[in-house]
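Inspection log for the structure reproduced underneath, given as structure tokens.
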Amino acid sequence: MYEVISQYLEYLELEKGLSNNTIEAYRRDLYDFAEDNAELFSIGRNDLNLYIRKLKERKLAPSSIIRKVASLRGFFKWATSMNILEKNPASTLEQPKAPQRLPKVISLKEIEEILHSDLTIIQSVIVELLYSCGLRVSELANLKISDIDINSKYVRCFGKGSKERIIPIGGKAIEKLKQYFPERDMLLRKFNLSTKKLLVLSTGRIVNRQDIYNLIHARGKLIHKNISPHTLRHSFATHLLENGADLRVVQELLGHSDVSTTQLYTHISKKRLKDVYFSINKV
């Protein structure tokens, strides 16, 4: 079996162009299975079921089990397509489902604490657009100056799959943008820059994803929370739903292709409501 695994890993590298780290992860997963199943041609569905049961007995994290099962499914599918195996023993093997985790959110008060801290104008713009528009960090980093329409009060961004969406900009974000634009123009002149990107640092460098992560993480320490840019996106959606926004509208604003993804935020709202209720009505 190890020889066939080597062929598969070579296929992943040369044909699929996967990274060395990803290929090494496949290698570890497949070798783990092969330790007790060295004879490839005798492997059946029962062997796979037994392996998954052993993974659970080893107390592996659900995410690790999901990854290992996915590795096996990919390997056996490839081996069958290459006529190495006549039948795919994993063809009816179900992918385990990860336990659903509710996204982390912060309160409106905590958002205001961050916004009222000693932010520079560009930092204020970053926080405002992340929270008031629910942007992903990559969407924000890639915004162009032409994507902002101050008069109509909307931002145009391109999400996953280059899907375009139009999002209203709140009044406070508009104010910060109006303050920022003259500063941006000054920086372009000062550093002789020619860029369409919206966000430019005082050093003349274009803001990247890591800059945004670092800013939000640092501001989270002020409220004693470990947060990321996505926390503000989650908070944006949750606060909208808590204030009566329609689920489908929030779905459009977030750019979710499936409304079930957006429904996660309704669970957060219910949990927060329950927590507040029991904190008030302690027995």
Based on what the data block shows, is Asn192 of a type in the set (S, T, N, Q), in a helix (DSSP H, G or I) and modelled with pLDDT of 95 or more? no
Under 7 Å between Cβ atoms, at least 6 apart or on separate chains: pull out the pairs that start in region 127-142 with a residue that is on the phi > 0 side of the Ramachandran plot and end on any residue that is of a type in the set (Lys, Arg). Gly134/Arg233
Of the numbered conditions (1) among the small types (Gly, Ala, Ser); (2) open to solvent by 80 Å² or more (accessible area, probe 1.4 Å); (3) touching a Leu at 6+ places or on another chain (Cβ under 7 Å), Ala173 fails exactly one; give the number of that condition. (2)
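Surrounded by 15 or more Cβ atoms within 10 Å (Cβ to Cβ) and of a type in the set (Gly, Ala, Ser), is that true of Ala237?
Numbers: surrounded by 15 or more Cβ atoms within 10 Å (Cβ to Cβ): yes; of a type in the set (Gly, Ala, Ser): yes.
So Ala237 fits the description; yes.
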State the number of residues belonging to region 8-20 that are open to solvent by less than 80 Å² (accessible area, probe 1.4 Å) and assigned to a helix (DSSP H, G or I). 4
Flagged pairs (Cβ under 8 angstrom, 6 or more apart or on separate chains; first in region 153-182, under 20 Å from Leu115 (Cα atoms); second of a type in the set (Ser, Thr, Tyr) and open to solvent by 50 Å² or more (accessible area, probe 1.4 Å)) are Pro168/Tyr154; Ile169/Tyr154
What is the number of the single condition among (1) open to solvent by less than 50 Å² (accessible area, probe 1.4 Å); (2) over 26 Å from the mean Cα position of the chain (by Cα); (3) of a type in the set (Lys, Arg) that Arg189 does not meet? (1)
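For Gly220, indicate whether it is touching a helix residue (DSSP H, G or I) at 6+ places or on another chain (Cβ under 8 Å), over 16 Å from Ser146 (Cα atoms) and either open to solvent by less than 50 Å² (accessible area, probe 1.4 Å) or modelled with pLDDT under 95 (or both). Working first, answer last.
Values: touching a helix residue (DSSP H, G or I) at 6+ places or on another chain (Cβ under 8 Å): yes; over 16 Å from Ser146 (Cα atoms): yes; either open to solvent by less than 50 Å² (accessible area, probe 1.4 Å) or modelled with pLDDT under 95 (or both): yes.
For Gly220, the condition - touching a helix residue (DSSP H, G or I) at 6+ places or on another chain (Cβ under 8 Å), over 16 Å from Ser146 (Cα atoms) and either open to solvent by less than 50 Å² (accessible area, probe 1.4 Å) or modelled with pLDDT under 95 (or both) - is met.
If the requirement is being surrounded by 13 or more Cβ atoms within 10 Å (Cβ to Cβ) and part of a helix (DSSP H, G or I), which of these qualifies: Ile166, Ile122? Walk me through how you get there before you give the answer.
Working: Ile166 fails: part of a helix (DSSP H, G or I).
Among Ile166, Ile122, only Ile122 is surrounded by 13 or more Cβ atoms within 10 Å (Cβ to Cβ) and part of a helix (DSSP H, G or I).
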Go through region 240-256 and give me each residue that's assigned to a loop (DSSP other than H, G, I, E, B), closer than 20 Å to Val137 by Cβ and without any contact (Cβ under 8 Å) to a residue 60 or more places away in the chain. His256
Give Arg233, Arg184 a once-over and let me know the one that is within 24 Å of Arg156 (Cα to Cα), among the basic types (Lys, Arg) and under 19 Å from the mean Cα position of the chain (by Cα). Arg233
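The values are calculated or read from the model by the stated rules, or taken from the named source; none is laboratory data. Since we're looking at a predicted model, the values are computed, not measured. So basically every Cβ, Gly included, is an ideal-geometry build from the backbone, and we count neighbours across all protein chains shown. Heads up: the accessible areas ignore ligands, DNA and RNA and are worked out on the full protein's heavy atoms, side chains in. Shrake-Rupley method; radii C 1.70, N 1.55, O 1.52, S 1.80 Å.
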